[in-house]
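A.B. asks: After the structure tokens below, expect a handful of questions from me.
The values are calculated or read from the model by the stated rules, or taken from the named source; none is laboratory data. This one's a predicted model, so the numbers in the text were calculated from it and none came from an experiment. Using ideal geometry, Cβ is built from the backbone for each residue, glycine included, and neighbour counts are taken over all protein chains shown.
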Amino acid sequence: MGDAGYWLAFSYVRGIGAVRFRKLLSFFGDLSRAWQAGSAELLAAGLSEKNIAEILEKRKNLEPLDLPEQLKAKGISFLTWQDSEYPRYLKEIAQPPPVLFYKGSITAADNLAVAIVGTRKVTTYGKQIARDTAEYLAQNGVTIVSGLARGVDGLAHHAAIEAGGRTIAVLGSGVDIIYPPEHRRLAEQILKQGAIVSDYAPGTKPDGINFPPRNRIISGLSRATIVIEAGDKSGALITAKFAVEQNREVFAVPGSVLSPMSRGTNDLIGEGAMPMTNPKSVLEALRIEEGSRVEKPREPEMSDVERTVLRILGQDSLHIDEICVRMDMSVEKLTVTLTMMELKGLVVREQGMVYRQNARWM
């Protein structure tokens, strides 16, 4: 664990990424020697004066040997290039993160992963595609990777969880800082069926410049990337670009030429991405046999009122007031019913008092 502490220490130093980690390892042989080296040696190893100044500053407040236990106390785990459990496909990219921080669990099953990404301003069309695709893939043993963002990302994570599958969220902040804050509850659910990961040290705030680089991890963990909807400047297009550079499959959902949210995906198809009109095509391209490898949970007991609510919801998301009108029921009584249904996992409450049926029972 002592050596791991020095890997952690350097990961807290701004500007020390995969390239400079390799320089340090090549020059010093191990990172403990590098941490204790003087300015002249660090300069000879290929670091800039700015890098050296950052290291010297961190040394004042960091004790490498204490870091592993400090992280453990916070429920944070980590993997380095040296660990056999380090995600296989992520390790294959050009510059994999030297240290990957995570909460939850990373398992061998996550080597079969697909990224689902897209716009935050997702349309009704995009919502349905995101949910259906994530649910189908999760039911077939595929881990769903995304970025925990609003829109497509959140929908994909939710659907994977509801289908009983695994999902991984890659953050543009430390794993101890959930962004956006309204997804804290979703993050808690992800920890039970997957992991929250980041190459940014704990305590790192969600700065805008952090998000484009983290997209290489989303695609790097995945054997394929699916872009559901994306505008001209969507971050999802950056993820697709990284996937191409990493020699991974890229799928894009075709959309109306009149929809601003389909411009990016239609352009990707024009550039050679595979059009995805059915998620089964993703399994076929990856040579994965269809076969519902994730067993759906047993349906809980339901009252006649609860079954009526599910029938009214159907494939839609409805506000509680609309459900009240269709049920001819008081809002007080319906609130109790919906709360019980939410506890049973029959319905999911979205923003406000909007409810939809849990995908796992559809």
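Condition check ((1) under 21 Å from Gln95 (Cα atoms); (2) surrounded by fewer than 20 Cβ atoms within 10 Å (Cβ to Cβ); (3) in the same structural domain as Gly203 (by TED's automatic domain parsing); (4) without any contact (Cβ under 8 Å) to a residue 60 or more places away in the chain) across all residues:
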residue: Trp7; (1), (2), (3), (4): yes, no, no, no
residue: Arg14; (1), (2), (3), (4): yes, yes, no, yes
residue: Ser26; (1), (2), (3), (4): yes, yes, no, yes
residue: Gly29; (1), (2), (3), (4): yes, yes, no, yes
residue: Arg33; (1), (2), (3), (4): no, yes, no, yes
residue: Glu49; (1), (2), (3), (4): no, yes, no, yes
residue: Glu54; (1), (2), (3), (4): no, yes, no, yes
residue: Asn61; (1), (2), (3), (4): no, yes, no, yes
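A.B. asks: May I pose another question? Scanning for something in the same structural domain as Glu182 (by TED's automatic domain parsing), surrounded by fewer than 23 Cβ atoms within 10 Å (Cβ to Cβ) and part of a loop (DSSP other than H, G, I, E, B), does the stretch 68-78 turn up at least one residue?
C.D. replies: No, because not a single residue in the stretch 68-78 is in the same structural domain as Glu182 (by TED's automatic domain parsing), surrounded by fewer than 23 Cβ atoms within 10 Å (Cβ to Cβ) and part of a loop (DSSP other than H, G, I, E, B).
A.B. asks: Same structure, new question: From the list Arg349, Arg298, exactly one residue is in contact with a strand residue (DSSP E or B) (Cβ under 8 Å, 6 or more places away or on another chain), of a type in the set (Lys, Arg) and modelled with pLDDT under 90. Which is it?
C.D. replies: Residue meeting the stated conditions: Arg349.
A.B. asks: Ok, one more. If Gln139 meets every condition in (1) free of Cβ contacts under 8 Å to residues at least 60 places away in the same chain; (2) out of contact with any strand residue (DSSP E or B) (no Cβ under 8 Å at 6 or more places or on another chain) apart from one, which number is that one?
C.D. replies: Gln139 satisfies every listed condition except (1).
A.B. asks: Being farther than 17 Å from Ser11 by Cα, charged (D, E, K, R) and assigned to a loop (DSSP other than H, G, I, E, B) is the filter here; which residues of the stretch 79-98 pass it?
C.D. replies: If the condition is that a residue be farther than 17 Å from Ser11 by Cα, charged (D, E, K, R) and assigned to a loop (DSSP other than H, G, I, E, B), then Glu85, Glu92 are the ones that fit.
Conditions tested, residue by residue: (1) part of a helix (DSSP H, G or I); (2) small (Gly, Ala, Ser); (3) touching a helix residue (DSSP H, G or I) at 6+ places or on another chain (Cβ under 8 Å); (4) not assigned by TED's automatic domain parsing to the domain that holds Ala9.
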residue	(1), (2), (3), (4)
Val197	no, no, yes, yes
Ala201	no, yes, yes, yes
Pro212	yes, no, yes, yes
Ile218	yes, no, yes, yes
Thr239	yes, no, yes, yes
Ser262	yes, yes, no, yes
Thr265	yes, no, no, yes
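A.B. asks: So, in the stretch 115-135, exactly how many residues are farther than 19 Å from Val347 by Cβ, in contact with an Asp or Glu (Cβ under 9 Å, 6 or more places away or on another chain) and of a type outside the set (Gly, Ala, Ser)?
C.D. replies: Qualifying residue count, the stretch 115-135: 9.
A.B. asks: Could you go through the stretch 69-77 and let me know if any residue there is under 19 Å from the mean Cα position of the chain (by Cα) and not aliphatic (A, V, I, L, M).
C.D. replies: Scanning the stretch 69-77, I find at least one residue that is under 19 Å from the mean Cα position of the chain (by Cα) and not aliphatic (A, V, I, L, M), so the answer is yes.
A.B. asks: Looking only at the stretch 323-339, which residues are under 23 Å from Arg131 (Cα atoms) and surrounded by fewer than 16 Cβ atoms within 10 Å (Cβ to Cβ)?
C.D. replies: Thr339
A.B. asks: If you go through the stretch 7-24 one residue at a time, how many are in contact with a helix residue (DSSP H, G or I) (Cβ under 7 Å, 6 or more places away or on another chain) and in a helix (DSSP H, G or I)?
C.D. replies: 7
A.B. asks: From the list Thr107, Thr133, which residue is of a type in the set (S, T, N, Q), out of contact with any helix residue (DSSP H, G or I) (no Cβ under 7 Å at 6 or more places or on another chain) and within 30 Å of Pro260 (Cβ to Cβ)?
C.D. replies: Within the list Thr107, Thr133, the selection yields Thr133.
A.B. asks: If you take the residues of the stretch 242-275 that are closer than 26 Å to Lys91 by Cα and charged (D, E, K, R), which of them is surrounded by the fewest Cβ atoms within 10 Å (Cβ to Cβ)?
C.D. replies: Among residues in the stretch 242-275 that are closer than 26 Å to Lys91 by Cα and charged (D, E, K, R), the one surrounded by the fewest Cβ atoms within 10 Å (Cβ to Cβ) is Glu245.
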